[in-house]
Amino acid sequence: MKNIILVKLGGSIITNKKIAYSARKSVIKRLVKELKVSKETIILAHGSGSFGHTSAVKFGGKQGYKSKKGIAKVALDSISINKIVMDILIQEGIPAISLRPMSMIISNSGKTQSAFFEPIEQVVKQGLMPVVFGDVIWDKKWKSTIYSGEVILNRLAIHLRKKGFNVKRIIQVGETNGVYDDNKNTIPVITNKTWPEFKKFIFALKTKDVTGGMQHKVKDALKMTNLGIETLLINGKTKNELSKALLNKKVKGTLIK
C-alpha cells in the first residue's frame, strides 16, 4: 500500500478571515493543482475560515451554542466552504469524496469519545481522496462543539496507524513560513526537547479563531511525534511550496519531529 500523507489547508489561507464568507477560490485552485504532483495517497482536510468562524463567534463557541439556530447556522457554514473546495477538486479531475466529521465523531467536554473512521478507510482503499473539514460535532456535555481540521487529521492519523496504514507525515498549509522566533525568522525544526525554548515566541492570534492559534497547532503536532509522525508547517501563499513539500523537497517552513 502507498504511503499516506495528510494535508490540511488552513481556513486562513483558503478564505479571507477579515471578510465574512469570502473564499479565496484562486488560491484553493492553485493548491489543488499542487496536490496533483504527489504519487502518494492524500487525505485532505480544510478549515472553515471566515465561514464557520463568523457564525461560531456570533452564536457561541467551543462549549456549545446559544440556540438551536446557532448550531444549524455554523453547521451550514461549514459545509458551504466544503462545497466550494469539493467543486474545485472535481473540476481539477481529482476523485474526491467529502466525509462530514459531524457524522463520524462524538466528544465529551471537547475530548473525542468515539470516532467511526471506517468510511475513510474504504475511500482510501478504493483509490479516492477523502476530504474532511472543520465542523460542528455533537458533545455529550456541551451538546455541541467545534472540531478543527487539524484535530481531525491527528485523530485520523492515529487510527490509520493502528489499522496498519503507513502514515508518512502531516502537512499543514497556513499563511506563514512555519513558526517564527522573536525576530520573525522561521524556526526550521521543533522537537519536544526544544519546544520549551521556542514556545515563548508564539503569541495568540489577533483574529477570533475559536479553534486556537499556532501554539495549539504545535502542541498537537508534538504529540504526534510520539507515534513517529512528523508535521510540516508551510506557507500556502508561496507558489509551489505545497508541491515541493509533497515531493519531499526543501521548503521554507517548520518541521515538527
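Each reported figure results from applying straightforward, stated rules to the coordinates on display, with no laboratory input. Not measured: the values here are computed from a predicted model. Here the Cβ positions follow ideal geometry from the backbone for every residue, glycine too, while neighbour counts run over all protein chains shown.
Brief remarks on what is shown
- Of PHE201, LEU153, PHE117, farthest towards positive along the dipole that unit charges on Lys, Arg, Asp, Glu beta carbons give the chain: PHE201
- Among ASN166, ASN82, ASN177, the largest mean-square fluctuation in a Gaussian network model of the chain, built with springs joining Cα atoms closer than 10 Å, belongs to ASN166.
- Calculated diffusion of segment 25-103, Stokes-Einstein form, Kirkwood radius summed over Cα pairs, 37 °C and 0.692 mPa s, µm²/s: 235
- For ASN154, net neighbour charge (Lys/Arg +1, Asp/Glu -1) across residues whose Cβ lies under 9 Å away: 0
- DSSP loop chymotrypsin sites (Phe, Trp or Tyr not before Pro) with at most 13 other Cβ within 10 Å: longest gap in the chain: 1-115
- For segment 1-55, a Kirkwood radius taken over Cα pairs fed into Stokes-Einstein (37 °C, viscosity 0.692 mPa s) yields D = 272 µm²/s.
- Choice from SER144, SER109, SER48 showing the highest fluctuation, given a GNM over the chain with Cα pairs closer than 10 Å: SER109
- Residue (of GLY11, LEU89, ILE105) at the positive-pole extreme of the chain, dipole from beta-carbon charges: GLY11
- Directionally averaged shadow of segment 122-239, computed from the convex hull of its alpha-carbon atoms, nm²: 9.6
- Comparing VAL179, GLY127, ILE229 along the charge dipole axis of the chain, the residue lying farthest to the positive side is VAL179, per the Cβ-charge model.
- Each Lys and Arg Cβ is given +1 and each Asp and Glu Cβ -1; about its Cα centre, segment 4-256 then shows a dipole of about 360 debye.
- Overall dimensions of segment 4-256 as given by Cα atoms, namely Rg and Dmax in Å: 17.0, 48
- Residue pairs exceeding 27 angstrom between C-alpha atoms, taken from LYS141/LYS199; LYS111/LYS257; LYS125/LYS168; LYS223/LYS244; LYS2/LYS200: LYS141/LYS199; LYS2/LYS200.
- Calculated P(r) of segment 26-176 - Cα pairs past 20 Å, %: 49
- Length-normalised contact order for segment 91-195 - Cα pairs under 8 Å, 6+ apart - percent: 21
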